[in-house]
Amino acid sequence: MLFSSVPFLFYFLPAVLLVYFLVPKRAKNGVLLLSSLVFYGWGEPRYLPVMLVSILQGYIFGRLIERFRDTRRAKLFLVLSVLLSLGTLAYFKYADFMIANLNALTGLSAPLLRLALPVGISFYTFQILSYTVDVYRGTVPAQRNFIDLAAYIAMFPQLIAGPIVRYSDIEAELHTRRFCLEDIGTGARRFTVGLGKKVLLANVLGELVASAGSATVLGAWLGAVGYLLQIYFDFSGYSDMAIGLGRMLGFRFLENFNYPFLADSITDFWRRWHISMGTWFRDYVYIPLGGNKGGLAKQLSNIAIVWLLTGFWHGASWNFVLWGVYFGILLVLEKLFLLRWLKRLPAVLRHIYALVLVTISWTLFAFTDIGAGFAWLKAMFFGTLFDSGSLYLLLTYGPMLVICALAATPLGKRCYEKLNSRLGPRALTVVDCGGLLCVLVMAAAYLVSGSYNPFLYFRF
């Protein structure tokens, strides 16, 4: 079930909020878990047991790790839990990739398993991993109530595509959160903003990307920039909706994006983009490997390992590995000398540097066929500058690209703050509600029409 779908908006969400509001506090986690299972099972009923077994092993091993803390058994139980979590992820996500590459290397013809990827498995696996590791470290106590732990891992607002919510961030709220009209209003506002990003911006940009071609430099750049903005509004819109839904249910999820296109380096970009993933790899891979300790060579190798894994986490295809290696190389170069050079440049040139390299990266990301990705990249810099088709696309989608570029900056937030200072809170509330209602009506009309409406990060 998609957040940006008629069944979710007009049937599932109102029903869940109504029941959630009516039941006593002690039953809310049960309602949250049951509704999350319905949400997940709506489109993936055969993979519900996979998720439930994954949660169960995390629960059991978490209890065992705590019981035998500071002994070898605790470490053994942690290793077993990690192996089970990663093994399940590897089986469903990477088995065919491994078999295909083994066949190519050895000349064998082992049959592919052709398994469908369970939606959200990358995200809930990382949550289980962080939970068991944190219990082992003593950062959090093991959860003794299975329903509470399952409600955290399967929580429908962040189940499908994140953000990656750590147990330590919401442990207290699992037991003592409040559920009030103020939070519902704040969450509904955030959800509607995210819905508008997704439906009114990302989906329209998707139409541009589908129409763009690589016959000319202009057409290739329109497609690349369109995809860059599409994936941003698609994923940040989903994160906004997840954060808003969490707030409506009494949870405060951490931010996942911080105006990434304002970055003036690749290092800065990855502090702003998909923050929950970046901090997860930092805390559970980079730092355990040694982080910044052990000298420059060790630090650079740790960065390379993290980015190889980051690329591979996104998908079982060599283009994702290449995408991760690409960013790993850039981050290593910035660590060695590029950041020092960039500081000497005017701010506008630093931003151009970051935006161009990030745009190139998503060209690698978009094509599982690496040859097609490089062909598109070649078209961005060589060949005929434009033709009638690319000029038509520019005239048709140019205004939308400008709107999206502005919407990706803090300009809207600053205008809102100025309106607040001039109109006052009460008048602004009326304007705010009217604007949000318009966004909701337009998004609903778009969805009812059955137009193009994917979620790009569902496949990761």
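State which helices in the chain qualify, where a helix is a whole DSSP H run, it must extend 20 Å or more along its own axis by its Cα atoms, and its mean Kyte-Doolittle hydropathy must be at least -1.0.
48-67, 72-106, 121-137, 181-196, 217-248, 296-314, 318-333, 347-366, 388-407, 425-448
Over all directions, what mean area does the Cα convex hull of the range 354-408 project, stated in square nanometres?
The directionally averaged projection comes out at 4.7 nm².
Any chance you could list the semi-axes, whole Å, largest first, of the equivalent ellipsoid that the Cα gyration tensor gives for the range 249-298, using √(5λ)?
Equivalent ellipsoid semi-axes, largest first: 25, 17, 6 Å.
Take the eigenvalues of the Cα gyration tensor for the range 1-110, scale each by 5, and report the square roots as semi-axes in whole Å, largest first.
Taking √(5λ) for each Cα gyration eigenvalue gives 35, 27, 8 Å.
Just want the answer: with Cβ charges of +1 for Lys and Arg and -1 for Asp and Glu, which residue in PHE253, VAL431, PHE327 is farthest toward the dipole's positive end in the chain?
Farthest towards the positive pole: PHE253.
In the calculated pair distance distribution of the range 308-414, what percentage of Cα-Cα distances lie above 19 Å?
Value for the range 308-414: 63 percent of Cα pairs lie more than 19 Å apart.
Note down the accessible area of MET248, probe 1.4 Å, to the nearest 10 Å².
Here the residue's solvent-accessible area equals roughly 10 Å².
Quick one: ranking ARG247, ARG137, ARG189, ARG271 by accessible area, 1.4 Å probe, largest first, what do you get?
Of ARG247, ARG137, ARG189, ARG271, the descending order of accessible area is ARG271, ARG137, ARG189, ARG247.
Please compute the per residue accessible area over the range 328-449 with all protein chains in place, 1.4 Å probe, rounded to a whole number of Å².
About 63 Å² of surface per residue is accessible.
Could you report the accessible area of ILE60 in Å², rounded to 10, computed with a 1.4 Å probe on the protein chains as they sit in the structure?
Spelled out: ILE60, probe radius 1.4 Å, area about 80 Å².
Please report, to two decimal places, log10 I(q)/I(0) for the range 188-228 at q = 0.30 Å⁻¹ as given by the Debye formula with identical point scatterers on the Cα atoms and no solvent.
Each listed q corresponds, in turn, to -0.90.
Let me know the shape class of the range 13-69, please: from the alpha-carbon gyration tensor, a ≥ b ≥ c as square roots of the eigenvalues, rounded when a/c is under 1.5, otherwise prolate if a/b is greater than b/c, or oblate.
Oblate, since a/c reaches 1.5 and b/c is not below a/b.
Along its principal axes, what span do the Cα atoms of the chain show, with the longest given first and each in whole Å?
Projected onto the principal axes, the Cα atoms of the chain cover 67, 64, 49 Å.
Viscosity 1.567 mPa s, temperature 4 °C: Stokes-Einstein D of the range 51-185 from its Kirkwood Cα radius, in µm² per second?
79
Sorted by mean Cβ packing within 10 Å, highest first, what order do the peptides 429-437, 105-113, 24-32 take?
Packing order, densest peptide first, comes out as 24-32, 429-437, 105-113.
log10 I(q)/I(0), Debye, Cα-only the range 116-236, no solvent, q = 0.21 Å⁻¹?
-1.16
Using alpha carbon coordinates only, what is the Rg to Rh ratio of the range 160-309, with Rh defined as the Kirkwood radius?
Radius of gyration relative to Kirkwood radius: 1.06.
Across 5 Å bins from the origin, how do the percents of Cα pairs in the range 168-215 run, short distances first?
P(r) over the range 168-215, rounded to whole percents: 5, 16, 12, 14, 13, 10, 9, 7, 6, 4, 2, 0.
Beyond 20 Å, what percent of the Cα pairs of the range 242-389 remain?
Of all Cα-Cα pairs in the range 242-389, 58 percent lie more than 20 Å apart.
Report, please, the projected area of the range 211-291 averaged over directions, based on the convex hull of its C-alpha atoms, in nm².
7.8
In square nanometres, what is one fourth of the surface area of the convex hull spanned by the alpha carbons of the range 64-118?
5.2
Hey, got the Cα dimensions of the range 296-350 along the principal axes, in Å, largest first?
So the extents along the principal axes, rounded to whole Å, are 39, 27, 11.
Ignoring everything but the protein chains, give the 1.4 Å probe accessible area of ILE370 in square angstrom, nearest 10.
60
The values are calculated or read from the model by the stated rules, or taken from the named source; none is laboratory data. No experiment lies behind these values; they were computed from the predicted model shown. Don't worry about glycine lacking a Cβ; one is built from the backbone with ideal geometry, like all the others, and counts go over all protein chains shown. We work out accessible area using only protein heavy atoms, side chains counted, and drop any ligands, DNA or RNA first. Shrake-Rupley method; radii C 1.70, N 1.55, O 1.52, S 1.80 Å.
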